[in-house]
Structure formats: C-alpha cells, structure tokens
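Have a look at the structure below, then the notes.
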Amino acid sequence: SEVAVVKPTGFLYSVLSAFGALIPDLLKSFGLAFVIITVLLAILLRDLKLGLVAMFPNLLPVLMTVGLMGILDIPIDGSTLLIASVALGLCVDDTIHFVHHFQHHYKLSGRVEEAIEATTRDSGRAIVSTSVVLILSIAPCLIATLYSLVWFGLLIIAAIAFAVFADLVLTPAIFRSLYKDRV
C-alpha cells in the first residue's frame with residue numbers, strides 16, 4: 001500500500017507564498033529605514049532629542065494609513081504592499097523642513113510659540129503647497145480601472161493628508177510639551 005503525498009502547486013499558491021515571504025521582509029526593511037532615518041535626522045539636526053521627536057510625526061501617518069487599509073478592508077496586493085515605505089518617504093521630507101526651521105527659530109528667539117509661528121509661516125505654506133501638488137499628481141490613479149491602482153492612489157493621498165496634519169498640528173503640540181522658553 002502506497003501513501004499519496006499531496007503538495008500545493010499552481011499560480012495561486014506561488015503568489016500566496018511570495019506575499020507570505022514579502023511581508024516579513026518589508027517589515028524588517030521598514031524598521032531598518034525608520035532607524036536609519038532617525039539616526040540621520042539626529043545627526044543632521046545635531047540634536048538626538050529633536051531627531052527622535054521628528055520621527056513621531058512620520059510614524060503616525062504611516063500607522064493611520066495602514067489602519068485605513070484595515071477599516072476599508074483594502075486587500076494587501078503588489079501595490080498596497082509598498083504603502084508603508086512610500087508613505088514614510090513622503091512624510092519625512094516635510095517634517096525635516098518643519099523641524100529644521102523650528103530649531104533655527106528657537107535658537108534665535110528662545111521662545112517656543114514664536115519659533116512655532118515663524119516655522120509655520122516659513123514652512124507651512126510650502127508643506128501645504130507641495131502636498132497639494134503631490135495629491136493632484138496621484139489623483140488620476142483614483143479613476144483607474146485596476147482596483148489595486150485605485151487603492152494605491154487613495155492610500156498615498158491619505159498618507160499625504162495625514163502627514164500634513166502631523167506636521168502642522170501634531171509637531172507643534174509636541175514642541176510645546178517638550179520645549180520651554182529660554183528667555
């Protein structure tokens with residue numbers, strides 16, 4: 001009596017196996033990128049505390065975007081699998097400008113509110129302008145016939161909007177709680 005051995009095969013099995021291997025790799029890559037960006041920010045700003053603080057407004061939009069995927073029941077596929085990494089890349093750019101300008105104005109005035117107001121004046125319009133341009137450049141994805149492209153566009157637009165909120169609302173709130181007037 002022979003025993004039959006059953007092995008899964010086929011396209012669907014190959015795709016599921018690939019995604020099963022990709023997700024842990026992407027999580028490791030995202031974690032490594034997060035650590036590297038944090039270290040680079042601390043070096044660039046010459047302030048470990050500010051480098052660490054600057055990463056929270058970058059992590060929140062990523063978490064909110066991934067949470068939105070869960071709320072909307074958006075499937076993980078080839079396009080949506082990369083959302084966290086792309087979102088982090090988009091978020092960090094505006095945060096660097098905001099934090100750098102805050103650091104500059106805080107050194108000049110020694111007053112937290114004055115530094116936040118000057119930073120918002122200097123960086124706020126640019127952050128909103130570049131974000132609107134990014135959103136408008138991604139918006140055509142929303143009318144695509146390929147659902148994964150529509151989901152990708154929607155999630156990137158959401159990540160950009162979440163990043164603007166984090167930079168212009170959350171970051172000043174963090175600065176208010178961590179920094180005190182020196183004058």
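The values are calculated or read from the model by the stated rules, or taken from the named source; none is laboratory data. Note that the structure is predicted; figures quoted are calculated from it, not measured. Glycine gets a Cβ as well: all are built from the backbone with ideal geometry, and neighbour counts include every protein chain shown. Side chains are part of the model used for accessible areas, which takes the heavy atoms of the whole protein and leaves out ligands, DNA and RNA. Shrake-Rupley method; radii C 1.70, N 1.55, O 1.52, S 1.80 Å.
Computed values, structure above
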| quantity | calculated |
| --- | --- |
| Among 12-18, 173-179, the order from most to least packed when residues are scored by Cβ within 10 Å on average | 173-179, 12-18 |
| Coarse-grained scattering of segment 116-171 at q = 0.16, 0.22, 0.26, 0.31 Å⁻¹, given as base-10 log I(q)/I(0) from a Debye sum over alpha-carbon atoms | -0.52, -0.78, -0.95, -1.15 |
| Ordering of 146-153, 80-87, 128-135 by packing [mean C-beta count within 10 Å, highest first] | 80-87, 146-153, 128-135 |
| Candidate residues Asp73, Asp122, Asp167: accessible-area rank, largest first, probe 1.4 Å | Asp73, Asp122, Asp167 |
| Where Met64, Met69 fall by accessible area, highest first, once all protein chains stay in place (1.4 Å) | Met64, Met69 |
| Relative contact order (%) - the chain, alpha-carbon pairs under 8 angstrom, separation at least six | 25 |
| Where segment 46-138 is the region considered: accessible area per residue in Å², 1.4 Å probe | 50 |
| Rg over Rh [alpha-carbon atoms, Kirkwood Rh] for segment 1-91 | 1.21 |
| Separation of alpha-carbon centers, segment 114-165 and segment 32-74, rounded to whole Å | 16 |
| Size-normalised alpha-carbon gyration radius of the chain, reference 2.2 N^0.38 Å | 1.30 |
| The chain: calculated mean residue ellipticity at 222 nm from DSSP helix runs of at least 4, using -39500 (n - 2.57) | -25500 deg cm²/dmol |
| Reciprocal of mean inverse Cα separation for segment 86-139 (Kirkwood radius, Å) | 11.8 |
| Carbon + sulfur, % of accessible area of the chain - ligands and nucleic acids excluded, 1.4 Å | 71 |
